[in-house]
Amino acid sequence: MAPLAPTTVLRRFWRSPWRDIAQFVLLIVVVVWLVTLSSARLGYNWQWYRIPRYFWTVRNGRPVVGELLQGLGYTLQLSAVSLVCALTLGLVVALLRLSSSFMGRALSRVYLEITRNTPLVVQIYLAYFVLGPVLGIGRFSSAVLALTLFEGSYMSEIFRAGITSLHRGQWEAAYSLGLSTLDSYRFVILPQAVRRLLPPLTSEVVSLIKNTSLVSLVSLADLSMQARVIAADTFLTFEVWFTVALIYLLIMVPLAITARWLERRYAIAT
Amino acid sequence: MPSLPDIAPLAPSDAAAAPADDILIIEDVFKSFPGVEAVRGFSARIRRQEVVVIMGPSGSGKSTLLRCLNGLEQADSGLIIVDGIPLDDNHAHRLEIRQETGMVFQSFNLFPHLTVLENINLAPMRVRHKSEQEATARSMELLGMVGIADKASSYPAHLSGGQQQRVAIARALAMSPKIMLFDEPTSALDPEMINEVLDVMKDLARAGMTMVVVTHEMGFAREVADRIILMDSGSIVETGTPDTFFTNPREERTRRFLSQIL
């Protein structure tokens with residue numbers, strides 16, 4: 001076999017998966033090099049061996065959960081409760097905004113403008129310092145309230161986009177069969193809309209989980225708060241924050257996989 | 001030859017005294033959209049078991065009129081009474097009229113996420129509160145009637161246009177409507193599929209269904225219609241039996257329309 005021309009080899013490589021792998025390896029090398037370089041500049045003393053104890057320790061032959069895992073648990077709990085509330089609120093607001101009721105539309109507009117045009121941090125403070133005492137709710141609940149109000153507005157816009165993207169013939173068919181508006185939504189419109197808005201909804205869920213890190217500002221013991229405490233106690237700043245970043249990243253992977261699975265599972269033949 | 005029903009505008013008091021034979025009463029209906037007056041004073045009475053074909057050039061308001069009849073569009077003024085129920089602001093009336101009238105669209109509008117059987121079962125189960133068994137039995141019967149019982153578990157996307165439209169007809173029939181409205185049911189179909197849909201519609205007409213059909217299919221109109229209405233610019237130009245309409249039209253406008261399409 002004749003030796004391949006260099007350009008041919010290059011073109012084959014360019015089209016093969018090896019190109020992606022090479023890119024990835026290159027990226028890792030650059031990142032490691034940058035981190036090493038900067039920590040050398042700072043004279044940073046890496047002490048990774050001190051990190052595992054913050055996941056768990058064994059005391060008297062029994063495993064004890066460390067601060068980071070506790071924080072992770074808190075973050076997941078906060079995320080899950082806020083997600084359910086935000087999805088519900090988002091759907092209700094979207095339906096109100098699309099309804100024929102003037103009050104419903106006005107109310108949802110005002111809510112959207114307020115929550116989308118103020119920073120989440122401000123909303124968390126307001127919920128914690130103002131709404132919390134007024135409503136007599138605790139720290140966790142006020143955090144859920146802030147996250148729900150904030151994310152609910154984005155979710156509602158996603159729902160609205162999904163609903164209005166459907167051809168109006170679907171509404172007309174449902175109506176002409178005598179279905180009520182509620183039944184039309186339930187059996188015809190929403191099942192199709194939800195399939196379409198799964199990708200943007202997934203990225204909003206990721207956004208919500210990341211935003212839970214802001215509740216550490218009002219001293220809630222979530223993952224970020226725990227990291228801050230550990231870093232302050234031990235000066236393991238780099239190690240702790242790299243670890244925490246990795247944990248957040250790891251939460252998102254199963255989420256993305258689930259979303260992809262759902263998308264395929266419920267795909268509509270076209 | 002049966003005498004033609006009077007289509008002259010009537011005062012509402014006359015409408016109340018209408019013979020029970022008129023299942024659909026349309027009086028002086030107006031409907032405009034921003035910049036367009038789509039329907040301008042349309043009146044007609046349709047008897048039980050009558051098949052009325054509405055023809056007209058595009059933009060003549062025939063589809064808008066049809067959509068006013070089951071409240072998909074709300075008429076600006078005028079009177080529409082379906083089997084004794086007035087189509088007015090009362091939501092219950094609107095819902096009831098929609099349950100009593102079936103509609104078939106140009107673009108089928110099947111629900112793509114449901115199978116053929118689920119498409120047909122949905123309204124009987126949700127609106128008429130039939131059990132799934134009961135609904136399915138009736139749906140399968142209807143699918144047999146339109147000749148695609150073997151496609152019950154397929155999704156709409158896997159059906160041809162003609163098959164989809166036949167499913168849409170079966171879906172509308174599943175509610176046992178008293179009137180069927182057809183909005184250009186064959187316009188979106190490939191030529192070789194038009195007849196399979198028209199055949200189903202002819203069967204339906206022969207079985208005594210009251211039908212209002214907006215279509216350009218001359219053959220269908222000639223063969224099945226009891227009455228043909230020609231619309232232009234939102235109102236009626238001429239109305240007549242297929243015989244007089246096609247062979248001896250009164251109006252010059254009708255002659256021009258026929259010469260353009262024949």
Residues that are touching a residue at least 40 places away in the same chain (Cβ under 8 Å) and not aliphatic (A, V, I, L, M), drawn from the range B:198-223:
B:ASP203, B:GLY208, B:THR210, B:THR215, B:HIS216, B:PHE220
Out of the range B:100-117, which residues are more than 9 Å from every other protein chain (Cβ to nearest Cβ) and part of a helix (DSSP H, G or I)?
B:VAL116, B:LEU117
Condition check: among the aliphatic types (A, V, I, L, M) and either assigned to a helix (DSSP H, G or I) or exposed (fewer than 13 other Cβ atoms within 10 Å of the Cβ) (or both). Does A:ILE268 satisfy that?
no
Do the conditions hold for B:GLU217, that is, is it charged (D, E, K, R), buried (at least 21 other Cβ atoms within 10 Å of the Cβ) and modelled with pLDDT under 95?
yes
Among the candidates A:LEU220, A:LEU214, residue that is part of a helix (DSSP H, G or I), surrounded by 18 or more Cβ atoms within 10 Å (Cβ to Cβ) and in contact (Cβ under 8 Å) with a residue 12 or more places away in the chain
A:LEU214
Could you look through the range A:133-157, keep only residues that are assigned to a loop (DSSP other than H, G, I, E, B) and in contact with a helix residue (DSSP H, G or I) (Cβ under 9 Å, 6 or more places away or on another chain), and pick out the one that is farthest from A:LEU214 (Cα to Cα)?
A:ILE137
Which number in (1) out of contact with any Leu (no Cβ under 8 Å at 6 or more places or on another chain); (2) surrounded by fewer than 19 Cβ atoms within 10 Å (Cβ to Cβ); (3) within 28 Å of A:TYR248 (Cα to Cα) marks the one condition that A:LEU198 misses?
(1)
Quick one: which of B:GLN74, B:GLN49 is surrounded by fewer than 22 Cβ atoms within 10 Å (Cβ to Cβ), at pLDDT below 95, under 17 Å from the mean Cα position of the chain (by Cα) and at negative phi?
B:GLN74
Taking the condition of being over 19 Å from B:MET209 (Cβ atoms) and not hydroxyl-bearing (Ser, Thr, Tyr), how many residues in the range B:122-147 meet it?
12
Quick check on A:VAL130: is it surrounded by fewer than 16 Cβ atoms within 10 Å (Cβ to Cβ), of a type in the set (Val, Ile, Thr) and assigned to a helix (DSSP H, G or I)?
yes
Lone unmet requirement of (1) crowded, with 19+ Cβ neighbours inside 10 Å; (2) within 15 Å of A:GLY178 (Cβ to Cβ); (3) more than 9 Å from chain A (Cβ to nearest Cβ) for B:LYS130:
(1)
When the range B:103-150 is checked residue by residue, the ones that are of a type in the set (Lys, Arg) and touching a residue at least 40 places away in the same chain (Cβ under 8 Å) are B:ARG128
Taking A:THR258 and the conditions (1) in contact (Cβ under 8 Å) with a residue 24 or more places away in the chain; (2) more than 24 Å from A:VAL121 (Cβ to Cβ); (3) away from chain B (no Cβ under 14 Å), which numbered condition does it fall short on, given that it satisfies the others?
(1)
Yes or no: A:ILE158 more than 26 Å from A:SER99 (Cα to Cα), more than 14 Å from every other protein chain (Cβ to nearest Cβ), touching a residue at least 24 places away in the same chain (Cβ under 8 Å) and under 24 Å from the mean Cα position of the chain (by Cα)?
no
Mind listing just one residue for me: the one in the range A:161-175 that is polar (S, T, N, Q) and within 14 Å of another protein chain (Cβ to nearest Cβ) and, of those, surrounded by the most Cβ atoms within 10 Å (Cβ to Cβ)?
A:GLN170
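Here's the yes/no breakdown for (1) in a helix (DSSP H, G or I); (2) free of Cβ contacts under 8 Å to residues at least 60 places away in the same chain; (3) within 25 Å of A:THR181 (Cβ to Cβ):
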{"residue": "B:ILE46", "(1), (2), (3)": "no, no, no"}
{"residue": "B:GLY59", "(1), (2), (3)": "no, yes, no"}
{"residue": "B:SER63", "(1), (2), (3)": "yes, no, yes"}
{"residue": "B:ALA75", "(1), (2), (3)": "no, yes, yes"}
Which members of the range B:145-160 meet the condition of being part of a helix (DSSP H, G or I) and either surrounded by 18 or more Cβ atoms within 10 Å (Cβ to Cβ) or facing chain A (nearest Cβ under 10 Å) (or both)?
B:LYS151, B:PRO156, B:ALA157, B:HIS158
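The values are calculated or read from the model by the stated rules, or taken from the named source; none is laboratory data. Fair warning: this is a prediction, and the values are worked out from it, not measured in the lab. A quick note on method: Cβ atoms are made from the backbone with ideal geometry, for glycine too, and the neighbour counts reach across all protein chains shown.
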